[in-house]
2 protein chains.
Amino acid sequence: MSFTEFPSRLLEDAVNEFASLPGVGRKTAFRLVMNLLRRDPEEVKRFGESIIRLHGEIHYCKICNNISDTEICSICSDTKRDKTVICVVENIQDVMALENTRQFRGMYHVLGGIISPINGIGPSDLKIESLEEKIKAGGINEIIFALSTTMEGDTTNYYLYRKLSKYDIAISTLARGVAIGDELEYTDEITLGRAINNRNPYQQ
Amino acid sequence: MSFTEFPSRLLEDAVNEFASLPGVGRKTAFRLVMNLLRRDPEEVKRFGESIIRLHGEIHYCKICNNISDTEICSICSDTKRDKTVICVVENIQDVMALENTRQFRGMYHVLGGIISPINGIGPSDLKIESLEEKIKAGGINEIIFALSTTMEGDTTNYYLYRKLSKYDIAISTLARGVAIGDELEYTDEITLGRAINNRNPYQQ
């Protein structure tokens, strides 16, 4: 059954919005909207507002690009963390995945993606310059590459290594323990915790 | 991996709201929210507003209880439809499913549920009185019961029949039989039994 004719424009609008989400088909979208309709108006209003506030009020940390409610995120403003080690990750999910292991007490740098010619993402689309600026500014002893073990991740590692190896810092990667082809976001925390503890010097 | 620590309260709120939807786990909710974060702010605002408007502005048709942008829905206000036949359905989805067949040109009456003692839904929770009022007002020739072929549906059919059979109207139900595309081998025996008892003259 395809829902071609909606009895209400408002209903149709809401279904279309939900159906625009990844992995949500029109049928699922309709089911979700019908669920919202059965709820208290206050609850639904809160749902809608949480979405609107998401873009309007959220910040990206000025230091590491992590998501934050404030200008500087809670990790970058934590004085107890080791400011001499920077872990380079693709996105916010990866920061959360690594934080959940409770193994790493250094800083992060979120690239905002990885080099992927097939998706038209080149080095200039990523926050690489600001990473280099941090290293130039001094006080950094080690950079950890914690990117996905995919072709795009390897390409990005290679690019970063060529760019950063001239500086007097150690460059390491997560231990191979993260299975080839796996995404960090979905790796179990024990594997991920071991991988960051057993990190190795980066080798070309 | 469980996302126990969120770097942002706003992010966490939005994830919690999405995770409250049926069939949406926390991981999926997080993925959906991250998708929203990557979009244009305007687009996300529109998404949130469509949810808020859903409850604030939507109507339920005063005649049939179908969902509508106006006080009387487009079906009830359509002068070309047959006002003498009322098809009784459980919910709005069923109106849409029947409308999509383009076979029925009469009116609807949405009960808003079916009798289900296990879920604590009794006749008084449904829009049965207003259905009886319509019949009392006259001008109705036929009532079609188009409820699910479940125990709850059968119970509701039986209750409605006892309530409405005293009026001088025809009462019918949807034909039961083997669904188009179904294989006999896998059809349950009750359906198959009814299908052979209610067999129709073969038409080429």
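The values are calculated or read from the model by the stated rules, or taken from the named source; none is laboratory data. Since we're looking at a predicted model, the values are computed, not measured. Methodologically, a virtual Cβ is constructed for each residue, glycine included, from the backbone with ideal geometry; neighbour enumeration extends over all protein chains shown.
Side notes on the structure shown:
- Index of the failed condition, A:H55 passing every other in (1) under 24 Å from A:T187 (Cα atoms); (2) over 15 Å from the mean Cα position of the chain (by Cα): (1)
- Flag for A:K80 being within 30 Å of A:I196 (Cα to Cα), among the basic types (K, R) and either more than 7 Å from chain B (Cβ to nearest Cβ) or within 26 Å of the chain's Cα centre (by Cα) (or both): yes
- Listed conditions (1) assigned to a helix (DSSP H, G or I); (2) surrounded by fewer than 18 Cβ atoms within 10 Å (Cβ to Cβ) are all met by A:D168, apart from (1).
- Restricting attention to the range B:6-23, the residues that are of a type in the set (S, T, N, Q) and either facing chain A (nearest Cβ under 7 Å) or touching a Gly at 6+ places or on another chain (Cβ under 8 Å) (or both) add up to 1.
- Single unsatisfied condition, B:A29 versus (1) within 8 Å of chain A (Cβ to nearest Cβ); (2) of a type in the set (G, A, S); (3) over 30 Å from B:I135 (Cα atoms): (1)
- Comparison of B:I72, B:I63 shows that the only residue that is more than 7 Å from every other protein chain (Cβ to nearest Cβ) and over 20 Å from B:D125 (Cβ atoms) is B:I72.
- Check on B:E90, farther than 23 Å from B:L164 by Cα and touching a residue at least 12 places away in the same chain (Cβ under 8 Å): no
- Conditions (1) without any contact (Cβ under 8 Å) to a residue 24 or more places away in the chain; (2) of a type outside the set (A, V, I, L, M); (3) surrounded by fewer than 14 Cβ atoms within 10 Å (Cβ to Cβ); number of the one not met by A:T191: (3)
- Any hit, the range B:111-122, residues being outside any helix (DSSP H, G or I) and within 8 Å of chain A (Cβ to nearest Cβ): no
- The residue that is nearest to A:K62 (Cα to Cα), among those in the range A:109-126 that are buried (at least 16 other Cβ atoms within 10 Å of the Cβ) and aliphatic (A, V, I, L, M), is A:V110.
- When A:R105 is tested against (1) buried (at least 16 other Cβ atoms within 10 Å of the Cβ); (2) in a loop (DSSP other than H, G, I, E, B), just one condition goes unmet, and that condition is (1).
- Residue match in the range A:85-96 (condition: farther than 25 Å from A:E142 by Cα, within 11 Å of chain B (Cβ to nearest Cβ) and either out of contact with any Asp or Glu (no Cβ under 7 Å at 6 or more places or on another chain) or not charged (D, E, K, R) (or both)): no
- Within the range B:127-161, if we keep just the residues that are outside any helix (DSSP H, G or I) and exposed (fewer than 13 other Cβ atoms within 10 Å of the Cβ), the residue that is modelled with the lowest pLDDT turns out to be B:T150.
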